[in-house]
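Written below as structure tokens is the structure these notes are about.
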Amino acid sequence: MASPYVLDLAEASDSDLARVGGKAGKLGELVRQGLPVPPGFVVTTEAYVAFVRGTGLDAVLTSALGRIDESRPATVEEASREIRKAFESKEMPAELRSAIVGAYEEFARRHAVKFCAVRSSATAEDLADASFAGLQETYLNVHGTEQVLDAVRKCWGSLFTPRVLVYRQKKGIDHAGLALAVLVQKMVDATVSGILFTRDPNTGENHMIVEAGWGLGEAIVGGEVTPDHYVIDGATQKIVHKQVSEQSVRYVRAESGGNRRESVPAAERSVQKLPDGRLLRLVSLARVIESRYRRPMDIEWCADAHALYVVQARPVTTIPTSTAGPATSPAPAPSAGEEAPLLRGFGASPGVAAGVARLLRGAEEMERLQAGEVLVTAMTTPDMVPAMSRAAAIVTDEGGMTCHAAIVSRELGVPCVVGTREATHVIADGSEVTVDGKTGSVYRGRRGGLEPKPAPGLPAAAAPAVESVPVTATKILVNVGVPEKAAEYARLPVSGVGLLRIEFIFTAHVREHPLALLKKGKHDELVKRLAEGIGKVCQAFHPRPVIVRTSDFKTNEYRGMPGGEPFEPLEENPMIGWRGCSRYISSVYRPAFECELEAIHRVRTELGLKNAMVMLPFVRNTWELEEIAGLLRAAGLKRSRDFKLYLMAEVPSTVLLAREFAHHCDGFSIGSNDLTQLVLGADRDSETLGRMGYFDERDPAVLRAIRLLIEGAHAEGTTVGICGQGPSVYPEFAEFLVREGIDSISLNADTVVTTSRTIAAIEQKMKLDGLRAG
């Protein structure tokens with residue numbers, strides 16, 4: 001597949017998000033890891049851009065999006081209709097059509113494909129902080145060239161459905177700054193399907209949650225059926241809870257293509273959908289996926305008569321800070337004297353809210369729901385997101401922990417109870433109810449004494465008002481990916497941003513290789529886009545410091561960006577190739593690095609945000625730092641009391657010569673992934689070595705390297721922090737760091753509160769140990 005418009009799924013990479021989108025990127029990684037993923041190919045974002053520009057759609061988008069008035073929902077509907085109609089009516093340019101048809105025919109021939117799935121894969125999809133669950137279109141059981149082309153156009157148009165426009169607005173993601181890749185895969189004739197969470201998304205407990213239903217997964221995700229519900233202990237891998245649900249309908253493939261709804265035979269309705277042996281096989285696959293991404297994962301799976309398949313893997317976007325009791329089973333019966341709930345179901349999104357109940361029969365009645373009311377419905381659909389975003393709480397008849405209502409309510413921070421079976425029959429429209437999303441209970445009237453709902457717009461996982469966090473001597477910082485999340489993360493109890501990766505601003509806001517932009521004479525545009533992204537984060541956290549790590553794309557990642565191929569060499573091992581500081585001092589890339597520095601200077605001077613600091617990645621030598629210091633000074637960025645320069649400690653030379661490097665910076669930040677791979681000689685991207693246990697930051701050699709760095713830096717009066725996931729994943733690693741005197745730990749947002757408590761407990765233990773020793 002030589003065209004820039006198509007790519008074999010096996011070649012898609014998570015590092016190539018801007019080209020293949022989140023869904024395809026993660027599945028491509030899993031293909032190379034040997035996991036059972038249906039084969040396919042990707043229609044890249046370059047194809048989307050070519051279609052939009054080649055058909056004049058860019059003018060349609062600008063005009064329609066510009067007429068949206070956020071206070072008038074009708075304008076969102078009008079813009080969406082106009083844009084989608086335009087996408088579906090335009091003919092594909094000849095070169096683009098030829099590339100997609102050629103890729104499809106080769107794919108169909110090689111894999112004996114009769115039916116396929118055509119699925120959206122957006123650049124803002126399946127991110128660590130936004131799942132876009134069910135919001136963009138997927139077309140199943142598609143057959144033949146023309147149907148595939150039509151489905152691709154419809155997927156592109158689904159980037160602008162009303163529900164997606166509202167959801168992006170709620171998550172702070174720019175409409176105009178997105179592109180959509182499309183994934184075409186061989187269709188599995190699924191007899192059973194479902195979703196698996198590698199950690200309980202409602203409580204954060206170390207339990208795997210599996211849900212399974214007959215037929216295709218649409219009935220589960222749409223909340224049309226209540227699936228089987230299994231809980232697996234994360235430590236022992238034993239099944240600790242089963243709830244087998246009756247299922248009367250399912251979706252299967254229609255003989256002529258597409259899906260059809262049918263009744264489940266009476267003998268199968270109450271049968272366990274996933275036998276124990278298959279269930280444990282699925283759990284073992286999930287463990288491999290979680291170890292690959294080193295964070296809790298949300299996995300979609302299906303199975304035919306012969307095998308299990310993974311069809312999606314994305315980060316769990318909301319892990320609560322509290323682990324006070326599981327909420328993945330229906331709430332227990334009340335104790336003596338306690339008011340019995342009106343209804344019980346699955347606690348799908350934590351928090352408590354009370355309000356007037358508003359019964360909705362479907363999306364067409366959304367306007368009846370007023371802000372602050374409780375949405376009660378048989379099941380939610382993606383079209384109901386606008387109503388869900390203004391609801392105080394959500395209650396449904398059907399659905400499980402992984403249905404649309406559950407996933408989106410957790411994203412929005414709205415308490416939610418699903419699978420009550422009879423909410424629409426028991427709750428009277430206009431009556432007052434109290435919803436407890438943690439226990440899965442719904443009570444009559446306004447019930448006092450329960451915890452408050454998180455602040456509007458702030459997911460429960462990140463709401464500082466819900467739970468207090470102890471003060472720690474170790475400074476706690478947060479990692480920020482996309483700038484659009486800055487305002488939300490700024491409410492967390494942190495001392496600032498320990499890592500703002502400028503690469504995410506390149507992929508989400510710039511979306512083109514910087515040297516390609518400079519060659520086109522777009523210097524000012526490049527600097528402006530970078531400054532806007534950095535400024536948004538600095539403004540949200542001001543006056544707390546924001547440490548901006550300058551770009552650390554590898555050559556294979558840069559090469560995959562639009563316009564990148566002419567500027568990037570092909571390297572056998574990009575992980576230790578032309579990256580980090582070595583790029584900045586090269587005559588080829590220096591002009592682009594100077595744009596990064598100019599953007600940071602603009603944020604500090606024109607915007608007056610002096611909290612923007614700089615961190616340099618992948619430092620190898622002190623002499624390269626001397627040259628970079630000259631570039632910083634030329635850009636008006638000179639180390640001083642209010643401007644600090646930090647270095648990533650990733651290369652062993654930085655550790656071995658820590659005292660010498662300390663003279664060139666104000667602090668170090670340990671990049672534990674790179675440091676581990678270079679100390680152990682274990683490629684962090686090697687699935688084989690990962691499975692064999694070679695890659696582990698807890699290895700004694702890595703721990704000794706960290707100890708040497710802290711000792712050397714502190715001897716020169718220089719601070720040391722860490723910005724990897726290790727401290728939140730491994731409590732013993734966090735304890736090692738604190739005991740060694742680490743100055744700061746920068747965490748992903750969803751782990752700030754729990755890890756802060758871990759660190760506080762470690763510090764308290766150290767005090768007690770000191771008293772006992774004294």
**Item:** Subset of the stretch 711-723 (residues that are assigned to a helix (DSSP H, G or I) and either basic (Lys, Arg) or more than 22 Å from residue 497 (Cβ to Cβ) (or both))
**Value:** 711, 712, 714, 715
**Message:** So, residue 75, is that one in contact with an Asp or Glu (Cβ under 6 Å, 6 or more places away or on another chain) and surrounded by 12 or more Cβ atoms within 10 Å (Cβ to Cβ) or not?
**Reply:** yes
**Message:** So residue 451 ticks every box in (1) open to solvent by less than 10 Å² (accessible area, probe 1.4 Å); (2) at pLDDT below 90 but one. Which box is left unticked?
**Reply:** (1)
**Criterion (within 20 Å of residue 563 (Cβ to Cβ) and crowded, with 17+ Cβ neighbours inside 10 Å) met by exactly one of 12, 24** = 12
**Asked** Within the stretch 27-61, restricting attention to residues that are in a helix (DSSP H, G or I), open to solvent by 30 Å² or more (accessible area, probe 1.4 Å) and under 28 Å from residue 558 (Cα atoms), which residue is modelled with the lowest pLDDT?
**Response** 58
**Fill in**
Of the candidates 18, 108, the one satisfying the condition of being part of a helix (DSSP H, G or I), crowded, with 16+ Cβ neighbours inside 10 Å and without any contact (Cβ under 8 Å) to a residue 24 or more places away in the chain is 108
**Request:** Kindly indicate which of 480, 469, 510 is among the β-branched types (Val, Ile, Thr) and free of Cβ contacts under 8 Å to residues at least 40 places away in the same chain.
**Result:** 510
**Prompt:** All but one of (1) in a strand (DSSP E or B); (2) touching a Cys at 6+ places or on another chain (Cβ under 6 Å) hold for residue 442; which doesn't?
**Reply:** (2)
**Asked** Say we look at the stretch 291-311 and pick out the residues that are modelled with pLDDT of 85 or more and among the small types (Gly, Ala, Ser); which of these is most open to solvent (accessible area, probe 1.4 Å)?
**Response** 305
**Message:** open to solvent by less than 10 Å² (accessible area, probe 1.4 Å), of a type in the set (A, V, I, L, M, F, W, C), within 26 Å of the chain's Cα centre (by Cα) and under 27 Å from residue 497 (Cα atoms): is that true of residue 603 in this structure?
**Reply:** no
**Fill in**
Note on the stretch 421-448: residues closer than 22 Å to residue 389 by Cβ, open to solvent by 10 Å² or more (accessible area, probe 1.4 Å) and not charged (D, E, K, R) are 424, 430
**Asked** Within the set of pairs 6 or more residues apart or between chains, which connect a residue that is surrounded by fewer than 20 Cβ atoms within 10 Å (Cβ to Cβ) inside the stretch 655-671 to a residue that is in a helix (DSSP H, G or I) and acidic (Asp, Glu) with Cβ atoms less than 8 Å apart?
**Response** 664/626
**Prompt:** If you go through the stretch 200-223 one residue at a time, how many are of a type outside the set (A, V, I, L, M, F, W, C), open to solvent by 10 Å² or more (accessible area, probe 1.4 Å) and touching a strand residue (DSSP E or B) at 6+ places or on another chain (Cβ under 7 Å)?
**Reply:** 3
**Asked** residue 588 is checked against (1) of a type in the set (Val, Ile, Thr); (2) open to solvent by 50 Å² or more (accessible area, probe 1.4 Å); (3) over 30 Å from residue 5 (Cβ atoms) and fails just one. What number does that condition carry?
**Response** (3)
**Criterion: closer than 19 Å to residue 668 by Cα, open to solvent by less than 40 Å² (accessible area, probe 1.4 Å) and without any contact (Cβ under 8 Å) to a residue 60 or more places away in the chain - qualifying residue of 717, 726, 721** = 726
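Here is a yes/no grid of residues against (1) at pLDDT 95 or above; (2) closer than 22 Å to residue 703 by Cβ:
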| position | (1), (2) |
| --- | --- |
| 607 | no, no |
| 613 | yes, no |
| 616 | yes, no |
| 619 | yes, yes |
| 628 | yes, no |
| 632 | yes, no |
| 642 | no, no |
| 647 | yes, yes |
| 651 | yes, yes |
**Message:** Suppose we filter 709, 747, 678 for residues that are closer than 27 Å to residue 645 by Cβ, among the hydrophobic types (A, V, I, L, M, F, W, C), touching a residue at least 40 places away in the same chain (Cβ under 8 Å) and open to solvent by 20 Å² or more (accessible area, probe 1.4 Å); which single one remains?
**Reply:** 678
**Fill in**
When every residue in the stretch 245-267 that is among the β-branched types (Val, Ile, Thr) and either modelled with pLDDT of 90 or more or over 31 Å from the mean Cα position of the chain (by Cα) (or both) is compared, the one nearest to residue 118 (Cα to Cα) is 249
**Fill in**
Of those in the stretch 1-53 that are touching a Gly at 6+ places or on another chain (Cβ under 9 Å) and hydroxyl-bearing (Ser, Thr, Tyr), the residue farthest from residue 504 (Cα to Cα) is 3
**Asked** Which pairs do you get when a residue that is closer than 18 Å to residue 93 by Cα, found in the stretch 40-69, comes within reach of a residue that is among the acidic types (Asp, Glu) and in a loop (DSSP other than H, G, I, E, B), reach meaning Cβ atoms under 9 angstrom, with the pair 6+ apart or on two chains?
**Response** 55/91
**Request:** Look through 196, 159 and report the one residue that is modelled with pLDDT of 90 or more and either of a type in the set (Lys, Arg) or open to solvent by less than 20 Å² (accessible area, probe 1.4 Å) (or both).
**Result:** 196
**Prompt:** If you take just the strands (runs of 3 or more DSSP E) that sit entirely in the stretch 206-256, which of them hold at least 3 residues that are in contact with a Lys or Arg (Cβ under 8 Å, 6 or more places away or on another chain)?
**Reply:** 207-214, 228-233, 249-253
**Item:** Near pairs, Cβ below 9 angstrom, 6+ apart or cross-chain, from the stretch 358-383 (farther than 23 Å from residue 72 by Cβ and open to solvent by 30 Å² or more (accessible area, probe 1.4 Å)) to any residue that is modelled with pLDDT of 90 or more and part of a strand (DSSP E or B)
**Value:** 359/375; 359/376; 359/377; 361/377; 378/396; 379/396
**Complete:** Checked against (1) in contact with a helix residue (DSSP H, G or I) (Cβ under 7 Å, 6 or more places away or on another chain); (2) among the charged types (D, E, K, R); (3) modelled with pLDDT of 95 or more, residue 666 satisfies every condition except (1)
**Item:** Criterion: within 25 Å of residue 410 (Cα to Cα) and of a type in the set (A, V, I, L, M, F, W, C) - qualifying residue of 254, 219, 303
**Value:** 219
**Tally, over the stretch 203-215, of residues that are over 21 Å from residue 416 (Cβ atoms) and modelled with pLDDT under 90** = 1
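The values are calculated or read from the model by the stated rules, or taken from the named source; none is laboratory data. Small disclaimer: the values here were computed from a predicted structure and weren't measured. Because the Cβ atoms are built from the backbone with ideal geometry, glycine has one as well, and the counts that use them run over all protein chains shown. To get the accessible areas, we keep the full protein, side chains included, count just its heavy atoms, and leave off ligands, DNA and RNA. Shrake-Rupley method; radii C 1.70, N 1.55, O 1.52, S 1.80 Å.
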